[in-house]
Each structure stands twice: as C-alpha cells, then as structure tokens.
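Written out below as structure tokens is the structure these notes cover.
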Amino acid sequence: MDRRENRILIGQIDYTNVWPVFHHFRPESLSRKVSMVTEVPAVLNRRMLEGSLDVSPISSFAYGIGHEKFLLLPDLSVSARSAVNSILLFSREPLEHVINGRIALTNTSATSINLLKIIIEKAYGGKPTYWNSEPDLASMMRDSDAALLIGDHAIRASWEPHGYIVTDLGEVWKRWSGYGMTFAVWTVQRTFAERHGDFLAEILNAFTLSKQKSLHDLEPLIHRSVEEIGGSPVYWRHYFSNLCYDFLDEQRAGLALYFKYAYEMGLLETEVPLNMWSDNKLTRVKE
C-alpha cells in the first residue's frame with residue numbers, strides 16, 4: 001500500500017504484449033480506489049521486489065528472485081507456445097556462430113536475458129561476453145556480434161532494413177526444451193493477499209474478463225497497435241494470435257523447467273516453487 005495516498009498500487013507493463021489483459025481493465029470500476037503504475041518490466045520488477053507495488057505483472061525471472069514474497073495469480077501470463085515475435089536476437093551470423101562472441105543485452109528485462117544465457121550456455125555450450133545497453137540496435141551492434149531486444153523495441157527493430165539475422169528466442173526454447181516460454185506473470189504481495197483476499201479476487205476477475213474480451217475480438221487492439229506502434233493489421237493480428245495469456249499446466253511446466261535451468265546455472269540462488277494464489281485458501285503448487 002502507498003501509505004501517503006492510502007491507495008492500492010497496481011503495476012502495468014508499458015508493452016503491447018500485455019494489452020489484451022489491460023485493454024478492458026477499468027480500475028475506476030473496482031470497489032476500492034487503486035492507482036496504476038505504468039513502467040517497463042525492469043521498474044515494475046524492482047518495485048514489487050522492494051514492496052512498493054501491491055499487484056503487478058513482472059518478468060518471470062523477477063518472480064524467481066522474490067518468490068518467497070509473492071503469490072502467482074492463476075490464468076494470467078504473457079507466454080508463447082513457440083515463436084513470440086518480440087524477444088529477438090539480432091546477429092550478423094547464425095546463432096551457433098556467435099555463442100562465444102560479444103553480445104549486447106537490453107537493460108529492460110531479466111527474463112529474456114537469462115533465457116538467452118540458458119540457451120547459449122546450456123543448449124549450445126557457448127561462453128560469450130555480455131554487456132548491458134540501452135535498447136538501441138544500431139549502438140548495440142556497433143561493437144557486438146549480436147544484440148538482444150525485447151518488447152516494442154524488438155518489434156520495431158525487426159521491421160528495419162538492417163540486414164541482420166533475427167532469431168526468435170521463444171522458437172529456439174520450444175525447439176530445444178519442448179515447452180513454450182512464459183515471459184511475464186501476474187503477482188501479488190503475499191502480505192496483501194492475506195489481508196485483502198476478497199478485493200484481490202475482484203482485481204483478478206477484472207483482469208480475466210479483460211483478457212477474455214480482448215481475445216474474443218482483437219480488432220480494437222490491432223487498430224491501436226497500428227496507430228501507436230506502426231506496422232500492418234496483418235502483422236498485429238498474427239502477433240496477438242501467437243501469444244498465450246493463460247497460466248495453466250502447460251505454461252507452468254515450461255516455467256518450472258526454466259527456473260530449474262536457471263538454478264543449475266547459478267542464475268538463481270535457490271530452487272523456485274510456483275506459489276499459486278487461490279481465492280479459497282493460499283496454496284503452494286510445486287511443479
């Protein structure tokens with residue numbers, strides 16, 4: 001809770017890939033006053049970890065770091081069954097030829113950075129040199145063999161006539177692991193869930209209804225994407241149709257495998273259980 005304003009704070013990722021969950025979400029229609037905090041994933045991750053947000057989508061990896069503080073909200077995620085179209089590695093040569101090179105990493109999300117590390121080091125046996133950069137493809141590639149971009153930065157860069165090879169990490173992960181990848185999850189502070197279960201159920205219901213309404217009719221999202229980001233209706237129809245916003249057994253199994261590999265590589269200090277919130281009782285689901 002924000003003690004100065006006595007409002008509940010809900011985070012919102014500033015990327016098109018979460019629009020279906022937020023497009024029809026009306027915070028003013030909730031029974032209690034809330035404030036929305038719109039930021040890139042890295043900022044929302046930090047704020048949830050420090051406890052200055054109550055409910056928020058965050059990078060999956062950030063959940064792994066703070067899992068003892070958080071509960072996962074059911075049936076909400078940003079996942080891909082294969083290609084995700086917005087988690088992209090740009091390189092001059094195919095991926096297998098740059099696994100020991102110099103790779104620029106976007107500074108906007110931890111999940112995709114660590115997914116890349118898992119793929120390169122565990123799947124390909126590479127040992128590259130990484131460096132962090134602002135998400136600008138031209139400057140990233142000035143002194144690098146490859147560059148990782150995510151979200152709208154990746155989408156816009158994929159439209160440019162740069163001549164780079166573009167590798168979709170969601171597709172590589174699926175081919176290697178057999179699972180889709182969950183890039184973001186909806187989380188709640190455990191203490192908030194314990195104190196405000198009824199209102200949390202109301203928030204979750206509003207998000208779920210927004211998701212269902214958006215996926216039933218993608219045209220408003222497609223139109224908004226063309227207006228605000230660019231591209232064609234055909235591109236955005238394919239983009240949204242290719243994403244998965246569920247968090248069911250399939251998505252949970254893929255995320256559990258990701259956490260297993262991250263722990264084995266030392267990217268996470270502990271093993272990570274998937275702690276699911278239920279509106280009946282708090283439950284721990286270990287995948």
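Readers should treat all values here as calculations from the given coordinates under stated rules, not as data from a laboratory. Given the structure is predicted, the values throughout are model-derived calculations rather than measurements. For neighbour counting, all protein chains shown are included, and Cβ atoms are generated from backbone atoms with ideal geometry for every residue, glycine included.
Descriptive notes on the structure:
- Note: relative contact order over the chain, using C-alpha pairs below 8 Å and six or more positions apart, is 27 percent.
- Note that region 87-177, at 4 °C in a medium of 1.567 mPa s, gets a Stokes-Einstein diffusion coefficient of 102 µm²/s from its Kirkwood radius over C-alpha pairs.
- Out-of-range pairs (alpha-carbon distance over 26 Å; input LYS127/LYS260; LYS211/LYS260; LYS69/LYS213): LYS211/LYS260; LYS69/LYS213
- Degrees, to the nearest 10: 197-216 long Cα axis against longest axis of the chain: 50 degrees
- Packing-based ranking of 61-68, 220-227, 100-107 yields 61-68, 100-107, 220-227, ordered from highest to lowest mean Cβ neighbour count within 10 Å.
- Burial order of peptide ranges 120-126, 157-163, 86-92 (average beta-carbon count within 10 Å, highest first): 86-92, 120-126, 157-163
- Cα-based equivalent ellipsoid of the chain: semi-axis lengths in Å, sorted from largest, via gyration tensor: 31, 22, 17
- Working from Cα pairs under 8 Å separated by at least six residues, relative contact order for region 92-206 is 29 percent.
- Around the Cα centre of region 87-177, unit charges on the Cβ atoms of Lys, Arg, Asp and Glu (plus for the first two, minus for the last two) sum to a dipole of about 260 debye.
- Between TYR130 and ILE103, the built amide H atoms are under 5 Å apart, and every one of these is 5 or more places off in sequence or on another chain.
- Residues THR38, THR108, arranged from fewest to most other Cβ atoms within 10 angstrom of their Cβ, appear as THR38, THR108.
- Projecting the Cα atoms of ASN205, ALA154, ASN275 onto the dipole axis of the chain, where Lys and Arg carry +1 and Asp and Glu carry -1 at the beta carbon, places ASN275 farthest toward the positive end.
- For the chain, the Cβ-based charge dipole about the Cα centre amounts to some 420 debye (Lys, Arg positive; Asp, Glu negative; other atoms uncharged).
- Mean residue ellipticity (222 nm) of the chain, computed from DSSP H runs ≥ 4 via -39,500 (n - 2.57), nearest 500: -11500 deg cm²/dmol
- Span from the region 247-264 Cα centroid across to the region 146-185 one, whole angstrom: 19 Å
- Between region 1-75 and region 204-223, the Cα center-to-center distance that results, in Å: 18 Å
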